[in-house]
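Let me begin by presenting the structure, written as structure tokens, before commenting on it.
The values are calculated or read from the model by the stated rules, or taken from the named source; none is laboratory data. All figures in this text were calculated on a predicted structure; none of them were measured in a lab. Neighbour counts are summed over all protein chains in view; Cβ atoms, including those assigned to glycine, are modelled from backbone coordinates with ideal geometry.
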């Protein structure tokens with residue numbers, strides 16, 4: 001297993017973190033500590049938001065779903081994520097969302113890391129939600145409703161526990177099997193869990209409501225009457241054009257916080273509102289330039305869609321954690337001829353390249 | 001070594017073609033046959049140009065260079081390439097351009113192939129140039145000048161030999177060492193080669209002139225007096241904003257053919273011209289909707305910058321060639337839980353995941 005410092009490496013090699021490696025890494029660090037440390041990286045990058053090149057994701061839509069590239073750079077490093085969203089994938093045993101990402105050196109353009117990001121995206125989404133809630137949720141909140149108990153639900157629960165001390169969960173999903181899976185997975189991890197028969201029941205007594213459903217359509221997971229004064233809403237599931245979770249009236253009563261307005265206005269809950277509707281950028285709150293929660297009665301809404309800087313932070317964190325571990329393999333990704341301008345010569349000198357001459361007649 | 005049909009695979013695995021594998025594959029097929037077959041794939045995709053989602057590349061510029069993502073899709077498959085351009089990289093033994101790419105299934109969003117593309121880009125650039133020349137160069141042309149004898153030069157020579165029968169080369173580079181390297185590499189491969197002392201000397205008697213220099217700046221590799229009637233110019237090196245190779249007057253005398261005008265107007269030689277200057281799209285010529293070379297006296301110019309569909313074609317070709325070979329390894333890239341919505345459960349059930357419980361206190 002490779003344990004050389006990642007810096008002293010052959011130029012052709014790029015460390016690759018597989019799904020297996022990522023699980024090893026997460027479990028070695030521990031899920032809660034991983035989420036806390038990752039949130040700290042995300043927080044640090046939000047704080048220096050203006051250092052980043054920002055662009056809405058580059059999406060290729062089809063009838064079945066979407067494939068997106070999410071690039072960003074802080075001028076020293078560059079990162080991008082490939083991510084798909086295909087709601088019908090679960091029918092044949094595939095993931096709705098899979099992802100991988102690359103972290104690179106801006107000065108040379110050389111990739112420094114390739115990593116699976118299906119698991120890592122689940123973790124960074126949850127870490128970002130909990131980070132936002134630390135600035136927006138009522139102080140001392142311990143009870144959270146989670147509506148939508150699919151792949152992201154447990155990660156949200158763990159992140160809110162790790163970062164805010166949330167230890168009471170009220171779960172609801174239209175598919176009871178999903179709630180049972182979630183309850184089973186979280187058993188013994190320090191939560192008091194109530195499975196609820198409706199969204200209405202789930203929000204009763206909850207100070208934080210997380211909506212994280214998966215359908216690719218307009219839905220109304222929360223209606224106006226379900227949202228009480230002082231509540232923090234963590235809206236994670238509405239994250240592409242045509243997919244929202246909250247009734248428009250809730251938005252009109254809430255102070256809305258978003259990652260990157262040009263992207264969120266297209267993809268988030270606020271696609272239901274006029275383009276000029278006031279929203280606050282989360283980075284301003286984190287950087288101390290804007291106020292998060294003002295008072296106890298205020299309804300706060302984090303309209304989360306996921307932004308490229310969060311993936312950049314996640315790749316940056318994973319790369320920092322890899323050194324000295326064996327949780328990666330080296331990929332022979334980059335051509336590295338003896339003489340940089342002699343790419344053809346590299347082919348010529350490749351063992352067995354007499355084939356080159358032999359085959360000229362073919 | 002894996003030899004199972006690529007279709008019957010585990011959902012988590014994605015075939016990866018390393019630099020080593022790519023060299024094996026190219027040499028097994030033979031360089032000239034590879035270039036010919038690749039050109040046929042590129043031609044086929046140019047012919048169905050309107051099937052493709054097209055967008056200019058997504059570039060992240062820095063002082064030292066550029067990192068780009070080049071996505072496209074034909075509605076059934078999706079491909080993108082990561083490519084950097086860093087002219088100063090050769091100082092510390094790195095490549096100016098390195099690249100890798102991904103080919104994916106639009107219906108599921110799942111990647112089907114990850115491949116090195118440094119070598120593959122060199123091959124597809126040369127194959128595209130030769131393909132264009134087959135429609136644009138004077139019939140029966142056998143003599144080509146190559147100005148700029150760096151990493152791409154031999155690939156251009158081989159492609160023009162394979163597709164057009166070019167077997168006389170006139171080489172020039174301001175660095176004599178580059179010309180010597182090029183001459184050495186091409187020795188015994190069926191060319192009559194003349195090393196020239198100037199660009200002026202190189203173009204004498206050449207029916208095709210390929211310019212493929214590397215500096216990231218405006219340069220004048222060809223001046224107006226060097227370009228005679230009937231010549232075909234294959235301008236490969238001017239490929240980003242601020243980087244051109246031809247004197248503007250040459251452009252005004254030429255019929256100009258380009259890949260994708262919105263990209264070429266920013267990156268190609270024609271960035272020197274008004275935005276409205278008439279250019280012909282290469283795909284129209286290939287599809288029989290426009291005329292390429294009209295007469296013997298005409299100067300034709302292929303203002304090549306490289307477009308995403310060419311990379312798509314190259315990935316499509318490599319994937320078709322991989323089946324039944326051992327020129328790849330499987331990467332465990334995609335999370336594949338037993339139950340698609342149970343990503344967290346996959347972590348819980350990972351061998352050694354008692355760590356999860358143990359670490360909760362950390």
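Structural remarks
- Residue B:185 free of Cβ contacts under 8 Å to residues at least 60 places away in the same chain, surrounded by 14 or more Cβ atoms within 10 Å (Cβ to Cβ) and either in a loop (DSSP other than H, G, I, E, B) or in contact with a helix residue (DSSP H, G or I) (Cβ under 7 Å, 6 or more places away or on another chain) (or both): yes
- Filtered by the rule that a residue be more than 9 Å from every other protein chain (Cβ to nearest Cβ) and more than 15 Å from the chain's Cα centre (by Cα), the range A:16-38 gives A:17, A:25.
- Some residue of the range B:39-58 being within 16 Å of residue B:241 (Cβ to Cβ) and free of Cβ contacts under 8 Å to residues at least 60 places away in the same chain: yes
- The one condition in (1) surrounded by fewer than 24 Cβ atoms within 10 Å (Cβ to Cβ); (2) touching a strand residue (DSSP E or B) at 6+ places or on another chain (Cβ under 8 Å); (3) within 7 Å of another protein chain (Cβ to nearest Cβ) that residue A:107 fails to fulfil: (2)
- If the condition is being surrounded by fewer than 24 Cβ atoms within 10 Å (Cβ to Cβ) and either at the interface with chain A (Cβ under 9 Å from one of its Cβ atoms) or in a loop (DSSP other than H, G, I, E, B) (or both), then the range B:130-142 contributes B:138, B:139, B:140, B:141, B:142.
- Among the candidates A:80, A:52, A:100, residue that is crowded, with 19+ Cβ neighbours inside 10 Å, more than 16 Å from the chain's Cα centre (by Cα) and at pLDDT 95 or above: A:52
- If you go through the range A:294-305 and pick out every residue that is crowded, with 24+ Cβ neighbours inside 10 Å and over 30 Å from residue A:112 (Cα atoms), you end up with 4.
- In the range B:336-347, residue surrounded by the fewest Cβ atoms within 10 Å (Cβ to Cβ) [restricted to those that are at pLDDT 90 or above and at the interface with chain A (Cβ under 7 Å from one of its Cβ atoms)]: B:345
- Test: residue in the range A:83-93 that is at pLDDT below 95 and assigned to a loop (DSSP other than H, G, I, E, B): yes
- Exclusive hit being on the phi < 0 side of the Ramachandran plot, within 14 Å of chain B (Cβ to nearest Cβ) and either at pLDDT 95 or above or surrounded by 20 or more Cβ atoms within 10 Å (Cβ to Cβ) (or both), set A:308, A:314, A:290: A:308
- Any hit, the range A:118-129, residues being in contact (Cβ under 8 Å) with a residue 12 or more places away in the chain, within 27 Å of residue A:72 (Cα to Cα), in a helix (DSSP H, G or I) and more than 14 Å from the chain's Cα centre (by Cα): no
- Flag for residue B:30 being in contact with a helix residue (DSSP H, G or I) (Cβ under 7 Å, 6 or more places away or on another chain) and closer than 30 Å to residue A:349 by Cα: yes
- When residue B:115 is tested against (1) in contact with a helix residue (DSSP H, G or I) (Cβ under 7 Å, 6 or more places away or on another chain); (2) more than 30 Å from residue B:289 (Cα to Cα); (3) at the interface with another protein chain (Cβ under 9 Å from one of its Cβ atoms), only condition (3) is not met.
- Taken across the range B:270-280, residues that are in contact (Cβ under 8 Å) with a residue 60 or more places away in the chain and within 20 Å of the chain's Cα centre (by Cα) do not occur at all.
- For the range B:62-71, taking the residues that are over 14 Å from the mean Cα position of the chain (by Cα) and touching a residue at least 40 places away in the same chain (Cβ under 8 Å), the one that is farthest from residue B:103 (Cα to Cα) is identified as B:65.
- Every residue from the range A:156-169 that is over 20 Å from residue A:257 (Cβ atoms) and either surrounded by fewer than 24 Cβ atoms within 10 Å (Cβ to Cβ) or within 13 Å of another protein chain (Cβ to nearest Cβ) (or both): A:157, A:158, A:161, A:162, A:165, A:167, A:168
- Top-ranked residue of the range A:323-335 - restricted to ones that are in contact with a helix residue (DSSP H, G or I) (Cβ under 9 Å, 6 or more places away or on another chain) and more than 8 Å from chain B (Cβ to nearest Cβ), ranked as farthest from residue B:331 (Cα to Cα): A:325
- When we screen B:209, B:236 for residues that are under 25 Å from residue B:66 (Cα atoms) and modelled with pLDDT of 90 or more, the only hit is B:236.
- Test: residue A:221 is modelled with pLDDT of 95 or more, more than 23 Å from residue A:68 (Cα to Cα) and assigned to a strand (DSSP E or B): no
- Residue check, residue A:233 within 14 Å of chain B (Cβ to nearest Cβ), in contact (Cβ under 8 Å) with a residue 24 or more places away in the chain and crowded, with 19+ Cβ neighbours inside 10 Å: no
- Of all residues in the range B:74-98 being in contact (Cβ under 8 Å) with a residue 60 or more places away in the chain and closer than 19 Å to residue B:318 by Cα, the one that is nearest to the other protein chains (Cβ to nearest Cβ): B:80
- Criterion (within 14 Å of chain A (Cβ to nearest Cβ), assigned to a loop (DSSP other than H, G, I, E, B) and in contact with a strand residue (DSSP E or B) (Cβ under 6 Å, 6 or more places away or on another chain)) met by exactly one of B:179, B:213: B:213
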